[in-house]
Amino acid sequence: MAEYKTVEKVCGPQRKGETQLGVLYDNGKVRRRREWRGVKDTFYDYTRWLYLVSVLARFVAKPRNIKGFFRYRWMANYLGVMHGMDKFTIGLRDEPLRIAHTAMNFVINDVTQAIDHCFRGDRRVGNDKKYSDNCVLTDENAMTAFMMGFPNVNAILREVPTMFSANIFNQYSTTHYLDVAQEWGLPGDVCPMPEAESGISIEDDFCVLGCCAVQVNTTCDGSLMGNGIIAKRLEQDYNIPTFQLVAPMRHRMDDVQDYAAEDIRRAIAFVEEHTGQKWDWDAYFACAKRVNDATRKRIAQMEINSTDYPQFVGSVFSLYNDTNYMGNCGRSPDFVKIDEKLLKLAERGYQKKRMLATEYRHRCIIWGVQPQYIIDMLYWMIQCWGVVPLTDMLSMVNTKMIAEEDTPENREQAYYDMAWLNMNMIMRNRTHGGYRVLVDELWEFCEQMNADMVMMWEHMSCKAFDGMHGIFEEQARERGIHIVWVTHDLCDPRVYSRQDIRDQFNVYMRTVMREEPLDPTIEVLPDNDAW
């Protein structure tokens, strides 16, 4: 465990580039121009821009994808991909800039492939029946661990492009579907993520493919509500049978592990029945090795972030871990190379003492579930206030190694390992499991990461998390840790706008911390009508 120390201020050399980032923004426009980062980094940033153009060009070159673009309302959100990437790199130079591009470009490429696979099997667009019959629809909130032993079956996370990633690139992507769901009779105070997914299903605006589907209960009651609506549509209208994979709520308790492992067995048997494929232990243990490799590298990244010179931080760290840990779960060897590259960049940046801004004032742990429509705020915090987001709750997932050698004992253990991964998916391993995982471990992470501040995302529709408000406040005071509460509504910017969210942080920094911004030109941004 790292020795606790409060880092009040770390200053680096003045970097060449923009000194007032606010001049890039303009009312009614995305930006006036691109950010100047010096010759070397501006050129690199431009080459990455060209790479994303090539990814999108290859995608639209397929006639079925053009057809899908005009068939599905949510596809228009991906016109904002280029601007979305720019928001993740605001103010970055050197290794941190390359880390953000390497990780996020890979995530964008992965989502592009997911959409392409959806359209290929979609009965309305590509209608590749042979491909569709070998696809299993997996819940957006599911660990794909139960698919690790099916190398020849396609796991399709259909809801990721329709809701999750779309809301990153266009803050208004879900509002239409939220209205549809509420007009149909769903309550307006439920979590907008499953409500939007329900609206997409109600409006019949989703790709129809797959021989079966697997849903999970891993997040909340709102998610269960949405799953019921989606499952009924799949089963009754499209004859796609659906399996409910149930993870126990008290996932750290020994007495629930047998039940959880047995449910994984049933999910695997369900997939075998409907795909005609048999579970492959060689494939599973190859995936297990990659899962462990990703876990080790994620821990190494957090160890670097616990020093005075963190490198891989912010929402890109969260989004990459989400994609790798949950969506991939060892099934693709491509992530291994990216993990290695990211760690090398982080180690080099640490050795060269690279900084994400010219001054660090506070080291911050991000706790709670972040709003999708302003997921880039963590980079704004660095540039505006010198507050460095060291890690976030959704990235503090499994840290133990799973069995990776093929033995009779490990084959039995594998069901427990897959159950453990499923119970520790990113949006439930802290919000379920009791007081210790949500509260006590936060202060342990603050000590390990040398953090003097916590920004608490207070998702107003997340009833389980909001009930702990007073306990967090009391214990933060006892430890001398500053805690900033920032309220949002996850996917709906009409309740709390982007500037409303930034203003909550601004007010705390000015009134409680008595500080002035590093860059006052971005304290207020005219981006409420932007992507």
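The values are calculated or read from the model by the stated rules, or taken from the named source; none is laboratory data. In this text the structure is predicted, and so the values were computed from the model without any measurement. Positions of Cβ are backbone-derived with ideal geometry, glycine not excepted, and every protein chain shown enters the neighbour counts. When the accessible area is computed, the model is the full protein with side chains, heavy atoms only, and any ligands, DNA or RNA have been set aside. Shrake-Rupley method; radii C 1.70, N 1.55, O 1.52, S 1.80 Å.
Quote the FRET efficiency, to the nearest 0.05, computed for Asn528 versus Thr307 with a Förster distance R0 of 56 Å and r equal to the Cβ-Cβ distance.
That gives a FRET efficiency of 0.90.
Out of the range 359-450, which GluC sites (Glu not before Pro) are coil in DSSP terms and have no more than 14 other C-beta atoms within 10 Å?
Glu405
Can you give the charge dipole size of the chain about its Cα centre, rounded to the nearest 20 debye, using +1 on the beta carbon of Lys and Arg and -1 on the beta carbon of Asp and Glu?
That gives a dipole near 2060 debye.
Counting Lys and Arg as +1 and Asp and Glu as -1, what is the net charge of the other residues whose Cβ lies under 13 Å from the Cβ of Met143?
Here the count lands on -3.
Past 29 Å, Cα to Cα, is the threshold; run Lys129/Lys232; Lys130/Lys337; Lys62/Lys289 against it and keep the listed order.
As for pairs spanning more than 29 Å Cα to Cα, those are Lys130/Lys337; Lys62/Lys289.
How would Asp41, Asp280 line up by accessible area, probe 1.4 Å, largest first?
In descending accessible area the options line up as Asp280, Asp41.
Write down the accessible area per residue of the chain in Å², having rolled a 1.4 Å probe over the full set of protein chains.
Per-residue value: 38 Å².
Find which of Asn422, Gly126, Leu24 sits farthest along the positive direction of the dipole of the chain, computed with +1 on the beta-carbon of Lys and Arg, -1 on that of Asp and Glu, about the Cα centre.
Leu24
Want the number for Tyr238 to Lys341: 0.36 nm per residue separation, take away the alpha-carbon distance, what's left?
Result for the pair: 32.8 nm of gain on full extension.
If I model a spin label at Ala61 and Trp281 as a point 7 Å from the Cα along the Cα→Cβ vector, what separation in nanometres do I get?
Label at Ala61, label at Trp281, 4.3 nm between them.
Quantify, in whole percent, the carbon and sulfur part of the accessible surface of the range 146-285 (1.4 Å probe; protein heavy atoms only).
Carbon-and-sulfur percentage of accessible area, whole number: 48.
What residue among Ala100, Met468, Val397 has its Cα farthest toward the positive end of the dipole of the chain, where the charges are +1 on Lys, Arg and -1 on Asp, Glu, each on the Cβ?
Farthest towards the positive end: Ala100.
Once amide H atoms are built 1.01 Å from N in the peptide plane, which residues 5 or more positions from Gln370, or in another chain, come under 5 Å H to H?
It is none; the list stays empty.
Could you report the accessible area of Thr19 in Å², rounded to 10, computed with a 1.4 Å probe on the protein chains as they sit in the structure?
100 Å²
Please work out, to two decimal places, the log10 of the ratio I(q)/I(0) at q = 0.13 Å⁻¹ from a Debye calculation in which every Cα of the chain carries one identical scatterer.
-1.42
Per DSSP helix of 4 or more residues, -39500 (n - 2.57); summed, then divided by the residues of the chain. What does that give at 222 nm, rounded to the nearest 500?
Value at 222 nm, helices only, nearest 500: -14000 deg cm²/dmol.
Between 0 and 90 degrees, rounded to the nearest ten: what's the tilt of helix 469-479 against the longest Cα principal axis of the chain?
50 degrees
Among the DSSP beta bridges whose two residues both lie in the chain, what percent are antiparallel, rounded to the nearest 5?
If we restrict to bridges inside the chain, about 5 percent are antiparallel.
If R0 is 41 Å, what FRET efficiency do you get for Lys129 and Lys352 from their C-beta distance, rounded to 0.05?
0.15
Give me the percent relative contact order of the chain, please, defined on Cα pairs under 8 angstrom at least 6 residues apart.
21 percent
Hey, got a sec? Which trypsin sites (Lys or Arg not before Pro) in the range 391-451 land in a DSSP loop and have at most 16 other Cβ atoms within 10 Å?
Here the sparse-neighbourhood loop sites are Lys400.
So how exposed is Ser318, as accessible area in Å² (1.4 Å probe, rounded to 10)?
My reading of the accessible area for Ser318 is about 10 Å².
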